[in-house]
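Asker: Sharing a structure with you now.
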C-alpha cells in the first residue's frame, strides 16, 4: 500500500510560455521533480519519450489539461508537479496522437508503484472535469493560492 | 468470469482509473469481471484470452481478436455513460 501523496508547494509553478513548446514545459516540470529528489535523472528522458509516443493531452471542452507521466523505475517517491501556463501550449491528444490540443494546465505525475495512488489518480482526473476549479487556478498569479486550491481538492 | 484488458501508454496511471471504473460499473450491474492493466505496446502479445480490451490512448497496433473500446470518455467525462454501457454490453 503506497503512502499518502503529499503535495509539495515547490512543485507548483506558473510558467511563462513565451517561445516555449511542450518539451520545454515538460523539461521544466521534470527538472523541478528531480531537484526535489522525487525522481531520478532518467525521469525527464522517460517523460519526453513517452509524450512523443503516447501523448497525454486531455480535451475537456474548456481549460484543457495534460497528465504526463512515465515508468515507475524512474521514480524515487510519489509526487505531482503542476505547471499553470500563462498561454496555452499545444500538446497532442491522448486518444489521437495526430490531434492538437491547447493545454493550459499540466499535471505531471510521478508514481513509484504501478498500481499505487489509485485514489489520488481518481481525484486528479476528476479535478480536470471541474472547469470552475481550473478557472480559479488559471486566473491567479499567486502560486500559494494555486497550491491551496489543488491540495484542498486532492486531499 | 469475464476478462477485460485495460491499456494505456505506461499501464500505470490512466489505465488504473479506467480499470477501477470498469470494476465499479460491473459490480453495480452484477457482472463478474477480472480487470488487468497493461501498456499499449504490450497489447498484441497479451490480448489473447480476454473478452474485451479497453484503451485510453489510440490503439494502432496489429491484429487483436478481441473487441476494442476506446475509453477516453471515462477520463474526460464526455460520453462517459455511453462508453460504460458499451463496455457492459460486451460483458453481460
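The values are calculated or read from the model by the stated rules, or taken from the named source; none is laboratory data. Quick caveat, the model's predicted, so the values are computed rather than measured. Neighbour counts run over all protein chains shown; Cβ positions are idealised from the backbone, glycine included.
Asker: For the stretch A:95-120, which residues satisfy the criterion of being over 14 Å from the mean Cα position of the chain (by Cα), facing chain B (nearest Cβ under 10 Å) and without any contact (Cβ under 8 Å) to a residue 60 or more places away in the chain?
Answerer: A:95, A:96, A:97, A:98, A:99, A:114, A:115, A:118, A:119
Asker: Only one residue in A:57, A:83, A:46 is free of Cβ contacts under 8 Å to residues at least 40 places away in the same chain and closer than 19 Å to residue A:24 by Cα, so which one is that?
Answerer: On the way: A:57 fails: free of Cβ contacts under 8 Å to residues at least 40 places away in the same chain; A:83 fails: free of Cβ contacts under 8 Å to residues at least 40 places away in the same chain.
None of the others qualify; the one that does is A:46.
Asker: Oh, and also: Residues being more than 21 Å from residue B:80 (Cα to Cα) and at the interface with chain B (Cβ under 10 Å from one of its Cβ atoms): count how many of those fall in the stretch A:44-60.
Answerer: Step one: of the stretch A:44-60, the residues more than 21 Å from residue B:80 (Cα to Cα) are A:44-54.
If we keep only those that are at the interface with chain B (Cβ under 10 Å from one of its Cβ atoms) as well, we get A:46, A:50-51, A:53-54.
So the answer is 5.
Asker: What is the one condition in (1) under 23 Å from residue A:34 (Cα atoms); (2) part of a loop (DSSP other than H, G, I, E, B) that residue A:151 does not satisfy?
Answerer: It is condition (2) that residue A:151 fails.
Asker: Moving on. Considering every residue within the stretch B:38-54, establish whether at least one is out of contact with any strand residue (DSSP E or B) (no Cβ under 7 Å at 6 or more places or on another chain), within 11 Å of chain A (Cβ to nearest Cβ) and closer than 15 Å to residue B:80 by Cα.
Answerer: No, because not a single residue in the stretch B:38-54 is out of contact with any strand residue (DSSP E or B) (no Cβ under 7 Å at 6 or more places or on another chain), within 11 Å of chain A (Cβ to nearest Cβ) and closer than 15 Å to residue B:80 by Cα.
Asker: Right, next: With respect to the numbered conditions (1) at pLDDT 95 or above; (2) within 14 Å of chain B (Cβ to nearest Cβ), which one is the sole condition not fulfilled by residue A:29?
Answerer: Of the numbered conditions (1) at pLDDT 95 or above; (2) within 14 Å of chain B (Cβ to nearest Cβ), the odd one out for residue A:29 is (2).
Asker: Same structure, new question: Looking only at the stretch A:68-81, count every residue that is within 9 Å of chain B (Cβ to nearest Cβ) and either in a strand (DSSP E or B) or buried (at least 24 other Cβ atoms within 10 Å of the Cβ) (or both) and tell me the total.
Answerer: First pass over the stretch A:68-81, keeping only residues within 9 Å of chain B (Cβ to nearest Cβ): A:69-72.
Checking which are either in a strand (DSSP E or B) or buried (at least 24 other Cβ atoms within 10 Å of the Cβ) (or both) leaves us with A:69-70.
Here the count works out to 2.
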